[in-house]
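Asks: Have a look at this one before I ask anything.
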Amino acid sequence: MQTSESPGGTRPTSRDVARAAGVSQATVSLVLGDKWRGRVSERTAGLVRDAARDLGYRPNLAARNLRLGHTRTALLVVPALSNEFFARVYTGAATVAARHGFGVVLYPSPEGVGPARDPFASARAALDGVIASSMAADALTAFRGTDLPLVMLDSDPADTGPAAQVNLDIADGMRQVTDHLLGLGHRRFVHLASAVPSWTFDVRAAALADALRGVEVRTVHAPLDVAGARAASEQALTGPGPRPTAIVCDDDVLAAGACKAVRRLGLRIPEDVSVTGFDDLALATAVEPELTTVRLPAERIGERGMAALLAVLAGERPEPGDIPVTLVHRGSSGPPPAS
């Protein structure tokens with residue numbers, strides 16, 4: 001069995017497939033382009049397909065079609081559209097793409113955050129590049145072995161794999177939350193953390209821990225749904241010791257669950273417990289009192305992601321720097337109750 005890299009340590013090419021199968025590159029192109037019938041024997045076609053599979057090679061359909069002017073298409077990979085944040089990311093990416101004569105194909109992971117089906121197998125799409133959220137990173141296994149440029153959104157800057165990265169200043173957003181609550185006088189906190197493994201949530205946790213060093217903080221994890229967040233919040237609020245006065249949530253959906261927990265316990269927001277969110281989704285103003293949260297400019301990250309991909313395709317450097325975020329102070333946060 002051969003590896004998914006050529007002997008030089010680079011991604012396998014059609015030349016590597018041809019060498020492994022003992023055929024010409026032209027034959028590889030015919031077989032992998034599904035134009036071999038009547039020109040190549042079935043045995044030879046099978047050898048080529050086996051070699052491509054063993055090497056982990058996938059043809060870059062876009063590279064050929066782009067030269068012919070047949071495709072101007074990007075793939076946007078997101079966890080799911082059940083969260084409006086990613087729908088707004090798509091809107092931003094599609095807006096910039098349209099101005100440059102590109103289209104954006106949306107590819108949500110069917111399981112929300114797990115691996116997606118292989119889009120090459122399902123659609124055989126001709127693509128110029130891929131834009132992907134770090135929360136959908138498991139879906140990107142389909143693109144290993146291709147030379148499609150990849151732009152990652154909200155992902156670890158230390159990762160050298162992507163052609164470009166576009167990040168929100170997530171750490172600063174959490175610092176704004178903690179500065180706000182500390183300024184109000186809070187000293188007993190619960191961090192309602194997302195149970196979804198993702199770089200963006202790791203950054204929130206690290207920034208909160210750094211900002212609240214020396215202050216009482218209890219971390220509880222919850223799935224990204226209201227029911228799970230409510231249950232975790234109730235447990236945190238009824239545990240041993242003095243009751244926390246502020247719940248800092250990784251996401252507005254978690255904050256909605258926390259608000260339900262506070263009310264179910266007969267407590268008031270914010271007089272007894274303050275609650276903060278992250279994202280500024282529509283539900284932030286649907287709950288009562290309205291939610292203090294960090295506004296993430298989702299459309300802007302989609303715009304910057306598409307602009308970065310266009311820059312990479314043009315051989316240019318994408319715009320540097322993280323996208324600023326803003327704390328929106330609403331009614332769910334206030335001073336802690338008097339001791």
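The values are calculated or read from the model by the stated rules, or taken from the named source; none is laboratory data. As the structure is a prediction and not an experimental result, all values here were calculated from the model. Every residue, glycine among them, receives a Cβ derived from its backbone with ideal geometry; neighbour counts consider all protein chains shown. Only protein heavy atoms, including side chains, enter the accessible area calculation; ligands, DNA and RNA are left aside. Shrake-Rupley method; radii C 1.70, N 1.55, O 1.52, S 1.80 Å.
Asks: Taking Cα centroids, how far is segment 287-339 from segment 160-213 in Å?
Replies: Centre-to-centre (Cα) distance: 12 Å.
Asks: Tell me whether segment 184-235 comes out rounded, prolate or oblate; compute the Cα gyration tensor, take square roots of the eigenvalues as a ≥ b ≥ c, and use a/c under 1.5 as the rounded threshold.
Replies: Numbers: a/c = 2.78, a/b = 1.27, b/c = 2.18.
Oblate, since a/c reaches 1.5 and b/c is not below a/b.
Asks: With the Cα gyration tensor of segment 173-214 giving a ≥ b ≥ c as the square roots of its eigenvalues, does the rule (a/c under 1.5 for rounded; else a/b larger than b/c for prolate; else oblate) give rounded, prolate or oblate?
Replies: Numbers: a/c = 2.32, a/b = 1.96, b/c = 1.18.
The shape class here is prolate.
Asks: Explain nothing, just the number: relative contact order of segment 167-274, from Cα pairs under 8 Å at least 6 residues apart, as a whole percent. Working shown, then result.
Replies: Values: 159 pairs, mean separation 32.4, N = 108.
Here the relative contact order equals 30 percent.
Asks: Ranking request for peptides 267-275, 231-239: highest mean number of other beta-carbon atoms within 10 Å first, then the rest in descending order. Intermediate results must be reported in sequence, preceding the final value.
Replies: Numbers: 267-275: 19.9, 231-239: 18.0.
The peptides rank, most packed first, as 267-275, 231-239.
Asks: Between ASP169 and residues 5 or more places away or on another chain, which pairs have amide H atoms under 5 Å apart, with H built 1.01 Å from N, and which residues are they?
Replies: ILE323, VAL325
Asks: Another question about this same structure. Using amide H atoms built in the peptide plane, which far-off residues or other-chain residues are under 5 Å from LEU76 H to H?
Replies: VAL105, LEU106, TYR107, ILE131
Asks: Another question about this same structure. So if I place +1 on the C-beta of Lys and Arg and -1 on the C-beta of Asp and Glu, and nothing else carries charge, what would the dipole magnitude of segment 220-266 be about its Cα centre? I want it in debye, nearest 20.
Replies: Details: 5 positive and 5 negative charges, 62 e Å.
Computed about the Cα centre, the dipole is about 300 debye.
Asks: Under a Cβ-Cβ cut-off of 12 Å, what is the net charge of the residues other than VAL312 that fall near it, where Lys and Arg count +1 and Asp and Glu count -1? Could you put the intermediate results ahead of the total?
Replies: Numbers: positive: ARG317; negative: ASP128, ASP147, GLU316, GLU319.
Here the count lands on -3.
Asks: Summing Lys, Arg as +1 and Asp, Glu as -1, what charge do residues with Cβ under 13 Å from the Cβ of ARG300 carry, ARG300 excluded? Intermediate values should be presented prior to the final figure.
Replies: On the way: positive: ARG88, ARG295, ARG304; negative: ASP154, ASP169, ASP280, GLU299, GLU303, GLU319, ASP322.
My count for the surroundings of ARG300 gives -4.
Asks: While we're looking at this one, here's another question. Averaged per residue, what accessible area in Å² does segment 243-306 show with a 1.4 Å probe, protein chains only?
Replies: Details: 1970 Å² over 64 residues.
Ligands and nucleic acids excluded, the result is 31 Å² per residue.
Asks: Order 209-221, 243-255, 43-55 from most to least packed using the mean count of other Cβ atoms within 10 Å. The partial results should precede the final answer.
Replies: Numbers: 209-221: 14.5, 243-255: 26.3, 43-55: 17.4.
Packing order, densest peptide first, comes out as 243-255, 43-55, 209-221.
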